[in-house]
Amino acid sequence: MADFTNTILNGIKRRQRDMGDGTFAEVVATAPPGAMAATSTPLAGSVADTAAHTFGPFKPQLVREIWATLVGTGATGKAQLVRSTDGGVTMAGLTAGGDAWASWTFTAVTGAIVNEQVGTETDAKATYYLTVTLTAGSLTYRIAQ
């Protein structure tokens, strides 16, 4: 008999190898969580005015890295990623070791301002928002996994 593959839970394929003696052995392959595309919807857009904005919410998939990408065109201003566990009623800036984290100030930047991992979420109630205030130029943003 020949090897065969069947599909189980969530589309995962299970392969059985013919051992040649009438028995089969399951071939096990593991993949880290990051090997599959995230199911969360990115928070993405652009801004080109001087009003104070709060964009969001971004609802992350749990136990996956969150990335922030900001790209400016002559952009001057500030941006900060904030987190909420009550649907955006209360928002707090991210910190690392008590210091501000995921907060950026930029002056006349054309090109990448930031493109980095900013966190990994484990709280199912957590949502993220991006606050942006420009004094010049424009900014394209993407918060994603």
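The values are calculated or read from the model by the stated rules, or taken from the named source; none is laboratory data. Predicted model only: the values in this text are computed from it and were never measured. All Cβ positions, even for glycine, are placed from backbone atoms using ideal geometry, and neighbour counts span all protein chains on display. Protein only, heavy atoms only, side chains kept; ligands, DNA and RNA dropped before computing areas. Shrake-Rupley method; radii C 1.70, N 1.55, O 1.52, S 1.80 Å.
Calculated from the alpha-carbon coordinates, the chain shows an Rg and a Dmax of 21.8, 74 Å respectively.
How much area per residue is accessible in the range 17-115 when the probe is 1.4 Å and only protein heavy atoms are counted (Å²)?
Values: 6030 Å² over 99 residues.
Heavy-atom accessible area per residue stands at 61 Å².
Determine, from the Cβ-Cβ distance of T69 and V89 and an R0 of 25 Å, the FRET efficiency 1/(1 + (r/R0)^6), rounded to the nearest 0.05. Walk me through the intermediate numbers first.
Details: r = 27 Å, r/R0 = 1.08.
Efficiency for this residue pair is about 0.40.
Fully extending the segment from A44 to T23, taken as 0.36 nm per residue of separation minus the present Cα-Cα distance, adds 2.3 nm.
Percent relative contact order of the chain, based on C-alpha pairs within less than 8 angstrom and at least six residues apart?
Details: 330 pairs, mean separation 48.5, N = 145.
It comes to 33 percent, rounded to a whole number.
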